[in-house]
Amino acid sequence: MSTTADRQLQLNSQGQLRHFLNINGLDRALLTEILDTADSFASVGEQAVKKVPLLRGKVVANLFFEASTRTRTTFELAAKRLSADVLNINISTSATSKGESLKDMLQNLEAMACDMFVVRHSQSGAPHFIAEHVCPGVAIINAGDGRHAHPTQAMLDMYTIRRHKGQFEGLNVAIVGDVLHSRVARSEIKALNTLGVNEVRVVAPKTLLPTNVESLGVKVFHTMREGLADADVVIMLRLQRERMQTALLPSEKEFYQRYGLSRESLQFAKPDALVMHPGPINRGVEIESEVADGAQSVILNQVNYGIAVRMAVLSMAMSGQVAEKNILQAKR
Amino acid sequence: MSTTADRQLQLNSQGQLRHFLNINGLDRALLTEILDTADSFASVGEQAVKKVPLLRGKVVANLFFEASTRTRTTFELAAKRLSADVLNINISTSATSKGESLKDMLQNLEAMACDMFVVRHSQSGAPHFIAEHVCPGVAIINAGDGRHAHPTQAMLDMYTIRRHKGQFEGLNVAIVGDVLHSRVARSEIKALNTLGVNEVRVVAPKTLLPTNVESLGVKVFHTMREGLADADVVIMLRLQRERMQTALLPSEKEFYQRYGLSRESLQFAKPDALVMHPGPINRGVEIESEVADGAQSVILNQVNYGIAVRMAVLSMAMSGQVAEKNILQAKR
Amino acid sequence: MSTTADRQLQLNSQGQLRHFLNINGLDRALLTEILDTADSFASVGEQAVKKVPLLRGKVVANLFFEASTRTRTTFELAAKRLSADVLNINISTSATSKGESLKDMLQNLEAMACDMFVVRHSQSGAPHFIAEHVCPGVAIINAGDGRHAHPTQAMLDMYTIRRHKGQFEGLNVAIVGDVLHSRVARSEIKALNTLGVNEVRVVAPKTLLPTNVESLGVKVFHTMREGLADADVVIMLRLQRERMQTALLPSEKEFYQRYGLSRESLQFAKPDALVMHPGPINRGVEIESEVADGAQSVILNQVNYGIAVRMAVLSMAMSGQVAEKNILQAKR
């Protein structure tokens, strides 16, 4: 999808967020607004009563066509902290098993007056398709689609970097591992470039990189020594063993020796480099336990910030939809 | 079950609804009260805060022994809009797998002080059995039992007809397709006759009609041309392929040619005839896509009205139970 | 685990409950406080609005590694009556299937700012392990672990006894059946002795008793006639057929004849003896239907009281955690 099309689909006529599908099409000001809004929610989790009434009486439906505890749970928590009602739709037992099409199922859910759908799907582009066909006023949030995008994960990573490094300017960020199968990496590369870091790098064997990866705006490295040199942030990717259908790797052991983040390989980066990972981690496969649990690791902070960032995205998209509805009604 | 027994089980000593199991036994005044109450709730879904506090602090347990996303979700939404707490009891993983009987399970749920059970079961009569054995004060709502009844679906269809046609008097309503396996059809025929339409028709091959179907109060037709002539409402039934154990049909293709609702066959009805379907639809099996999505179709409206109708049934049954309890306490 | 270690883990520096893992380590005053607190909640279930705002804005996560409808549902109801938000984490579909360790999963859940975990696990000691590793401020409640303990079940049984017998002093309590596989029995024996009954008895064949069972503080009997003589309370245990891997019994029929509670064998106890069972009952296996449903049975009362007792444990543990946090902050 073109950047213009991605922009038009995600923003309302005033340039406010109304769906959140992809980092593509969103500019630096909008990504910064998401981070600033998340900041305002970050303290809610520490209050005695962890609630704000922004989405009271709204219905948020979690449509997970792929299983996920972590992402579904943080979206559920984010929606509940905003005082929304949450529906978890179990797709495998749903009417789709009776031969109902995705579009029919969505129209039915819309007819039930849900206000927002959080969608995870194994097919790239499914949330876009839904956003194009959903009726006005209903917001779609992408919770991960195929190999395409995982924009809320990218934004919580941006939030983590800004919170621990202060700004994006001048930072060198290395993304290490299975870039080929990673929707997280695609969204992160776009977000980092939009927010203006100095350099985005990918560190991986050729077999785990997409063709023409440079065109995404990254420098390519094939060794940790070179790729981590002078890095301020090291983002490790999960080795998606379940997605590797062909023998792209000689062996897990060899992969770990060359691309795993160990106490030794972390030395190549700056001494205060952040260690990040979208989770769940494979200890001893792509990251050493001591590093995952070490002083430079912010892996659990990422999970924690994920709630505030998702609260920001949910509340901004809902208000973009409400604003648009009011504009349309005023025009009549 | 006799009409008198059905009436006594469903109504309290003042004639108010206390369980909702079956259209049988309920008179026109009571069905009209359900529709009027649904009217008062229909606007709640359009408010910014979709909540009314009628069932605050009450516990509604969804007991689904048969999977269903659509019906379970609309009941859950209806209960949440009434501010109830909702428990979804997953029966397959429940203690019944440890050999606990249905009756023991229910007594346990009652002991947990649930106020209402919404029950779907593959056995005809299961919700009646439960209503007969549940302790005073607890309301049972039938969400579909075997081939027997699906009374909330019938009532949302009645609501749809009244909302779009203004009244029931003088209407000809054709119900088309697999009447034999349809609990929806049984409940609709009873409701339409109780509410006083001019004529209820069934249109189907003999193999998909119950024996003595005329005794339910319908006229039988075997062609769309005759059955749809002068019809104000056409209700298509889902072809329950998963329930057909024997070869009751020559082929799906032949069924569609003779009993499918296409742009052509819809011409037999009045030009402003409503097209209805309980969903999920089988496009190209019992209904043409263009008709399902066409100007006369109110299929998605049915889903939407379903929430208000279920709110009406839940709140009326709960207040019938509370009223009865107060009467019994006053007598002591 | 030693009694001292159990005490230190479960209590904060002021001696208040902060985790609830095991009856061991808790003294009579603390168990009595739980029962008194449950008393104050017992009436909430009879109010029109079954809610108190004690845990408003807190998140209680149910982590059930073993399926259980009854226990999970009563914990969910208890948490909702305290106005908490409840997350049900389905472990089999969770990230543990991606190879994530229990500890990593918990750290992630903690990072999501959950305030309390209710844990059921097939491994003895799992909730203790979690309590030892969880971050300060988060409470762990044991909902049953292996053959080890089921302390909330024991406390609801204590509540039932106190409510129906007035006090513990002077009572003879017989626990009958498969003590070997029963975590309930272990917790009950400890609680009964701590609360000061006259005599705790176990009645079972040798093959269904742990070695050195006397060391738990019980008298051992092998016949109902002797074991029930002069008993004030008879607690029947479920015959855990699914856990019996070896032929510990000649036959179910013979077991029932010797150790089943029938109208005949109940005659051996005092005429006003209470009949109790943790459920779900096996009718005709360890208890006769007429006895389970008879005048002396308080089996369904146990279920009902379970909600108030779990409300007591949840709210006490949460306030023990909050108090400790305030003390630690004041010290800084």
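Nothing in this text is a laboratory measurement; each read-out follows from the coordinates by a stated rule. Keep in mind that this is a model prediction, so the values were computed, not measured. Here the Cβ positions follow ideal geometry from the backbone for every residue, glycine too, while neighbour counts run over all protein chains shown.
Observations on the model:
- For B:LYS51, the distances from its label point to the matching points in the remaining copies are 0.6, 0.6 nm, ordered from shortest, with each point set 7 Å beyond Cα toward Cβ.
- Of B:LYS80/B:LYS206; C:LYS80/C:LYS219; B:LYS51/B:LYS331; A:LYS51/C:LYS331; B:LYS165/C:LYS50, pairs whose Cα-Cα distance is over 31 Å: B:LYS80/B:LYS206; C:LYS80/C:LYS219; B:LYS51/B:LYS331; B:LYS165/C:LYS50
- In terms of other Cβ atoms within 10 Å, A:SER182, C:SER40, C:SER251 run from fewest to most in the order C:SER251, C:SER40, A:SER182.
- Using only Cα coordinates, the Kirkwood hydrodynamic radius of the range C:152-243 works out to 13.1 Å.
- Cα pair distances of the protein assembly as shown binned at 20 Å [whole percent]: 12, 38, 35, 14, 0
- Each copy carries a label point for C:GLU33 at 7 Å from Cα toward Cβ; from one copy, the others' points are 5.1, 5.1 nm away, ordered from shortest.
- The charge dipole of the protein assembly as shown, taken about its Cα centre with unit charges on the Cβ of Lys, Arg, Asp and Glu (plus for the first two, minus for the last two), comes to roughly 620 debye.
- Hz values of 3J(HN,Hα) by residue in the range C:261-274 - Karplus curve (6.51, -1.76, 1.60), Gly and Pro given as x: 9, 10, 4, 5, 5, 5, 4, 5, 7, 4, x, 9, 5, 6
- Helix axis angle, B:299-331 relative to chain B longest principal axis, alpha carbon, degrees: 30
- When peptides C:132-142, B:47-57, B:25-35 are ranked by their average number of other Cβ atoms within 10 Å per residue, the highest-first order is C:132-142, B:25-35, B:47-57.
- C-alpha long axis of helix B:151-165 to longest principal axis of chain B, angle in °: 60
- Cα lying deepest toward the dipole's positive end in the protein assembly as shown, options C:ILE34, C:LEU237, C:VAL220, charges on Cβ: C:ILE34
- Label points for A:ARG225 are taken 7 Å from Cα along Cα→Cβ. From this copy to the others they lie 8.8, 8.8 nm apart, shortest first.
- Within the listed set B:ARG81, B:ARG162, B:ARG238, the Gaussian network model of chain B (springs between alpha-carbon atoms below 10 Å) gives the highest mean-square fluctuation for B:ARG162.
- Helix A:102-111 vs. chain A, principal-axis angle (Cα, 0 to 90°, nearest 10): 50
- Shielding score for C:305-311, defined as the mean number of other chain Cβ atoms within 10 Å: 1
- In order along the range A:14-29, phi translates into HN-Hα couplings of 9, x, 8, 4, 10, 10, 10, 10, 6, 5, 4, x, 9, 8, 4, 4 Hz, rounded to whole numbers, per the Karplus curve 6.51 cos²θ - 1.76 cosθ + 1.60 with θ = phi - 60° and x for Gly and Pro.
- Take each residue in B:106-116, count the other chain C-beta atoms within 10 Å of its C-beta, and the mean is 6.
- Efficiency of FRET from Cβ geometry, C:SER101 and C:LYS331, R₀ 45 Å, rounded to 0.05: 0.85
- Both radii come from the Cα set of chain C: Rg as radius of gyration, Rh as Kirkwood radius; their ratio Rg/Rh reads 0.97.
- Peptide B:48-59 is shielded by partner chain Cβ atoms: per residue, an average of 4 of them sit within 10 Å of its Cβ.
- Listed from fewest to most Cβ neighbours within 10 Å, the set B:GLU254, B:GLU288 follows the order B:GLU254, B:GLU288.
- Shape class of the range C:171-318 from the Cα gyration tensor (axes a ≥ b ≥ c, square roots of the eigenvalues): rounded, since a/c falls below 1.5.
- Over the protein assembly as shown, DSSP H runs of length four or greater, each weighted -39,500 (n - 2.57), average out per residue to a 222 nm ellipticity of -12500 deg cm²/dmol.
- Largest-first principal axis extents, alpha carbons of the range C:155-203, Å: 30, 19, 17
- Based on the Kirkwood approach, the hydrodynamic radius assigned to the range A:9-66 is 14.0 Å, with every pair of different Cα atoms included.
- Scaled to the globular estimate 2.2 N^0.38 Å, the Cα spread of the range B:231-332, given as radius of gyration, is 1.59.
- Sorted ascending by nearby beta carbons within 10 Å, beginning with the fewest, A:ILE89, A:ILE189, A:ILE327, A:ILE287 become A:ILE327, A:ILE89, A:ILE189, A:ILE287.
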